[in-house]
Structures are given as C-alpha cells and as structure tokens.
C-alpha cells in the first residue's frame, strides 16, 4: 500500500521527525503555510534539499496540480554546518536517502529532482515561480547568485524564503547587498533563521522602512556568530548565557 501524504501540519511534523536536516517547527510551519497558498498550476522550487526534510513539508502542503521542483546536486558538498568539501560516499548516500524519505512520506511521485547545481538548473525551469525556498550553498557568492538569478523568476506576489539568514555570515552578506535596499521584495518576517519575503514593489520611504526592518535583525545575527565561535572554540556551555542549547548549531 502506498503511503498517504500528510494532510495537516501535525501529521507532517510526525513524517519528518526522523528525517535528518536543519528545520525548526516554526520554520516547518512557515514552509507549510506558504506552500498551502500556492494555487493549482503554480510552481514551488527548493534550492538545497539534502535528505528531503523541507521538501516533504512543501510537497505535503501543496495542492494537487502544483509543480514541485527540488534542486540539489547531491555532490557531497555544502551538506550542513562546516561541511563544504564533497565526498563521493556522502553524495551517493544523500541521494538514496533523499528518495527513500520522499517515498516513505508518500510524495516522491510529486517531486521533480534536478540533480545539479542551482546555477546550472536555471534553464531547466521555464516560467515563473510562485514559491522559492533557498537553502543552498551558504557562502556569499553562491547565496547572492541564488537570490538574484532565481529571485528574478519569482512572480509578482510570489513568496521567497531563505534559510540561514542572520545566522550564516555568507547568506547575511548576500541579503545585505541584494534585498536590504532592493525595491522588488518586501520583508515579511522570519522564523528563527528563515526569512520570508514577498515580491511586490517597495518604493520611496517604504524602501527605507523595509531596509530598517531587516537591519533590526543584525543584533540577533551577531549573537549567532558569537555562539558559533564559542562552539568552535569548544566553549559551547557558555552559550547558555544567550539562551542557546550548546548541543545545537544556530539555525
């Protein structure tokens, strides 16, 4: 018997409970709510799928007729915090586990997986995107590239979600040079390190206010950078002072 996809947020939380990845319950709810709002015939694109945790949420929430595209080369690189280099064994395992996790959640047949880097996948996605979720390479240049080049594909009124905002230095710098003072995306808010933008014109003083709302997150960003530095220095217990669990990486 095929597995039936989750139909409620509580059910999808159970479905991803044992799926490896970095996604808080608040972030899962934001993914769920945004995917729910995509109309039939619309398109959801995820950049950076790892082992399927977030795509299971998106695919379970999306209405019938919504196209779901997962872009991840599964090259063994950029797999998570401090994992930049690629390893063949990890790459092969990630791809197998990704497909198995989607199958177990009952959403594998709904998802088109483009096993390539996001920059190379641009030509494979023709037409506008209703919901774009970026959780790819966290270094400045590729993060900026994803925001600019893939952001251009988001339709007016469409949603843009970006993971590791105000947590990763590279992603935060990319936000600073692309979205802080930009006039195409309005900042809606964030769930921990997942920022939410909507594509709509931002003009005049509203543009200044939009930049200021994003800049208000910079103290939280500095807190996260300090927490990471303490963890790397094997002083994780000190992070309790900031209300942080020393056994977890900020995300």
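Would you be able to say whether some residue in region 224-244 is closer than 27 Å to residue 35 by Cβ and surrounded by 14 or more Cβ atoms within 10 Å (Cβ to Cβ)? There is at least one residue in region 224-244 that is closer than 27 Å to residue 35 by Cβ and surrounded by 14 or more Cβ atoms within 10 Å (Cβ to Cβ).
Each row is one residue, and each column tells you yes or no for (1) over 14 Å from residue 131 (Cα atoms); (2) in contact with a helix residue (DSSP H, G or I) (Cβ under 6 Å, 6 or more places away or on another chain); (3) buried (at least 22 other Cβ atoms within 10 Å of the Cβ); (4) at pLDDT 95 or above.
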residue	(1), (2), (3), (4)
17	yes, no, no, no
20	yes, no, no, no
24	yes, no, no, no
31	no, yes, yes, yes
39	no, no, no, yes
70	no, yes, yes, yes
74	yes, yes, yes, no
89	yes, no, no, no
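Among the residues examined, residue 189 does not qualify as out of contact with any strand residue (DSSP E or B) (no Cβ under 9 Å at 6 or more places or on another chain) and on the phi > 0 side of the Ramachandran plot. Residues of region 142-179 that are within 23 Å of residue 219 (Cα to Cα) and out of contact with any strand residue (DSSP E or B) (no Cβ under 9 Å at 6 or more places or on another chain): 144, 167, 168, 169, 170, 172, 173, 176, 177. Every test in (1) more than 26 Å from residue 146 (Cα to Cα); (2) in a helix (DSSP H, G or I); (3) under 23 Å from the mean Cα position of the chain (by Cα) is passed by residue 223 save one, and that test is (1).
Of the residues 208, 225, which single one is in contact (Cβ under 8 Å) with a residue 40 or more places away in the chain and within 23 Å of residue 190 (Cα to Cα)?
Values: 208 fails: in contact (Cβ under 8 Å) with a residue 40 or more places away in the chain.
Only one candidate passes the filter, namely 225.
Count of region 76-87 residues, restricted to those that are modelled with pLDDT of 55 or more and surrounded by fewer than 18 Cβ atoms within 10 Å (Cβ to Cβ), is 2. Does at least one position in region 28-41 carry a residue that is under 21 Å from residue 249 (Cβ atoms) and part of a loop (DSSP other than H, G, I, E, B)? Checked region 28-41: no residue is under 21 Å from residue 249 (Cβ atoms) and part of a loop (DSSP other than H, G, I, E, B). Of the numbered criteria (1) assigned to a helix (DSSP H, G or I); (2) on the phi > 0 side of the Ramachandran plot, the one residue 230 fails is (2).
The values are calculated or read from the model by the stated rules, or taken from the named source; none is laboratory data. Keep in mind the model is a prediction, meaning the values are calculated, not measured. No Cβ is skipped: glycine too gets one built from the backbone with ideal geometry, and neighbour counts run over all protein chains shown.
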